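Chemist: Handing you this structure, nothing more for now.
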Amino acid sequence: MPSNTKSKLTADNADLRVRLAELGTPLSNLQPVDKTLPGDEIADRIRIEHELAASEVRYRRLFETAKDGILLLDADTGMITDVNPFLMDLLGYSHDELLGKKLWEIGPFRDITASQDAFRELQTREYIRYDNLPLETKKQEHIQVEFVSNVYMVNNTRVIQCNIRDITDRQRAENAFRKTHEELLALVTEMKKVDIEMQSLNRMNGLLQICTTQDEAYRVVGIMMGELFAGRNGFLASFHASDQNLQEVARWGDEVLAEPVFSMEDCWALRRGQPHNVMGPGADLLCRHFIHPPETGYMCVPLMVQGETLGLLCLMGVAGKKGEHHVREQQLALMVGEAIKLSLSNLKLREKLREQATRDPLTGLFNRRQLEESLPRELHRARRRKSQMCIAMLDLDHFKKFNDTFGHHAGDLLLREFGQVLRGKLRKSDIACRYGGEEFLIVMPDSSLADTCQRVEEIRVLVKKMAIRQGDHLLGTITVSAGIAGTQEHAGVTMHEFLHAADTAMYAAKQAGRDRVVVYQHEEE
């Protein structure tokens, strides 16, 4: 029922009462119409009485059948003077339990501390409204109502009418809508986070795919993990099959977590071959690779491809709590682990193929193809820096005879031993290549003729002392002839001219009796 329905009806009734009063007879003391009154007054009075009676019937019918609760109060005392059936059903009180009580004396309104203050305010302002008022019924059920009160005059008496509308279902619908809206906002926010994470993950994948070495990949991981897991500590460790240990190669966050080198046995994830989640200290088996026992949960992800262990990814805090956010973080950690292990596996395969393409499989030295790629580069660098560079051509004396005498297996053993001698005496910047069958070439950047001669002479002496054994049998010794050429004496030469100079010097060493080092001498025309 509209909140003003009863007010309008009561106002109409009051107007009728006023008109009757003007005729001189109170409504409560109506007597049969005095026949001695003038005819027009008699007719007017009868008409007013009928209108008032009809209006009272209409009001009572609306009052009794209204779908909103209606309370009538004495405006001076706050006593309840009438209540409709709908409100009694809504609150669970009988007519007798409400009639004659003050509003704040009945259960639903008793706990509203502002009831009396609101009543006094209503007396002053003659209107008060609550859009959402919580009430408790007699059965202790909680409902939400819209409460509107106003004051009007009836027969010179101030009356308060309170209209009470049950909005519980509407409030529940609004709350459900609000909850759904908040959940959708949270979902949108979460989707935005996921989108940002996927963009970062794709960016990391793209960077890893163009890495040419594992060291580059480690740097990419260190940078991108700090972006993907901002505020989280963690590290990446690489596995070395030679000693079955792992070495930390990248970390992110402010804390150093792991020992620099640790064993596979120190990590439960590596031992189990599957991710290891620890909810917190004392909640699960702790890995032993931490410098200090972790104070939060963590997740270790083993990086394995086709049964081969490549490394370990460890993230702090992603397994510390349950919930959708942490589940998503764990899923992201697994996806990151997949990307890293595939990248490392590809790089390892690529490096293996590169080794096969650029190195001699017997001696482990670079092959002639690698020499032809690196020597022009070193020549160009020496010219640009105006620095000295030398090359040395070495040939094992009487190798064919040695090979024919002791067999190809012994010949291969001799070549491997010679390769080890070269690797042991050369600098990291030097390039040692197997140039031909028993011919070897050494590129020595930033090396003078004097320094080069000294080092090649040391190699010659070591080769002469080298004892080649096949089982328990000593196969004898071998010597080496070497020729050296330097850029200072051959400025502006091409690679082939440079190689020819070293080869000429080496041939001169053989002609001079072998087992010696000869420096190329430019012949004046």
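The values are calculated or read from the model by the stated rules, or taken from the named source; none is laboratory data. Because the structure is a prediction, the values reported are computed rather than measured. Reconstructed Cβ throughout: ideal geometry from the backbone, glycine too, with neighbour counts over all protein chains shown.
Chemist: List the residue pairs whose Cβ atoms are under 6 Å apart, where the first residue sits in the stretch 361-386 and is of a type in the set (Gly, Ala, Ser), the second is not in a strand (DSSP E or B), and the two are 6 or more positions apart or on different chains.
Modeler: 364/419; 382/487
Chemist: Let me ask something else about it. Being at pLDDT 90 or above, surrounded by 19 or more Cβ atoms within 10 Å (Cβ to Cβ) and touching a Gly at 6+ places or on another chain (Cβ under 8 Å) narrows it down to one of 389, 444, so name that one. Outline the logic, then answer.
Modeler: Working: 444 fails: touching a Gly at 6+ places or on another chain (Cβ under 8 Å).
After applying the criteria, what remains is 389.
Chemist: Within the stretch 261-299, track down each residue that is exposed (fewer than 14 other Cβ atoms within 10 Å of the Cβ), within 22 Å of residue 229 (Cα to Cα) and at pLDDT 90 or above.
Modeler: Residues satisfying the conditions are 274, 291.
Chemist: Turning to a different aspect of this structure: Could you give every pair whose Cβ atoms fall below 8 Å, whose first residue belongs to the stretch 257-272 and is among the aromatic types (Phe, Trp, Tyr), and whose second residue is assigned to a loop (DSSP other than H, G, I, E, B) and crowded, with 18+ Cβ neighbours inside 10 Å, counting only separations of at least 6 or pairs across chains?
Modeler: Here the result reads 262/289; 268/287, each pair linking the stretch 257-272 to a residue that is assigned to a loop (DSSP other than H, G, I, E, B) and crowded, with 18+ Cβ neighbours inside 10 Å.
A quick yes/no check of all residues on (1) surrounded by fewer than 16 Cβ atoms within 10 Å (Cβ to Cβ); (2) more than 60 Å from the chain's Cα centre (by Cα); (3) hydroxyl-bearing (Ser, Thr, Tyr); (4) at pLDDT below 75:
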{"position": "35", "(1), (2), (3), (4)": "yes, yes, no, yes"}
{"position": "39", "(1), (2), (3), (4)": "yes, yes, no, yes"}
{"position": "46", "(1), (2), (3), (4)": "yes, yes, no, no"}
{"position": "59", "(1), (2), (3), (4)": "no, yes, yes, yes"}
{"position": "68", "(1), (2), (3), (4)": "no, no, no, no"}
{"position": "71", "(1), (2), (3), (4)": "no, no, no, no"}
{"position": "76", "(1), (2), (3), (4)": "yes, yes, no, no"}
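Chemist: Let me ask something additional. Which of the residues spanning the stretch 344-381 are of a type in the set (A, V, I, L, M, F, W, C), under 46 Å from the mean Cα position of the chain (by Cα) and part of a loop (DSSP other than H, G, I, E, B)? Explain how you work it out, then say what you get.
Modeler: If we filter the stretch 344-381 for residues that are of a type in the set (A, V, I, L, M, F, W, C), which is where we start, we get 344, 347, 349, 353, 357, 362, 365-366, 371, 375, 379.
From what's left, under 46 Å from the mean Cα position of the chain (by Cα): 344, 347, 349, 353, 357, 365-366.
Scanning the stretch 344-381 gives a single hit, 365.
Chemist: Here's a follow-up. Looking at the stretch 219-228 only, could you name the residues that are farther than 11 Å from residue 314 by Cβ and buried (at least 20 other Cβ atoms within 10 Å of the Cβ)? I'd like the intermediate steps shown before the answer.
Modeler: In the first step, residues of the stretch 219-228 are kept if they are farther than 11 Å from residue 314 by Cβ; the result is 219-224, 226-228.
Listed by number, the residues that qualify are 220, 221, 224, 228.
Chemist: Ok, one more. Give the residues of the stretch 420-436 that are aliphatic (A, V, I, L, M) and either touching a Lys or Arg at 6+ places or on another chain (Cβ under 9 Å) or not in a helix (DSSP H, G or I) (or both), sorted by residue number.
Modeler: Keep residues of the stretch 420-436 that are aliphatic (A, V, I, L, M), which gives 421-422, 426, 431-432.
Correct list: 426, 431, 432.
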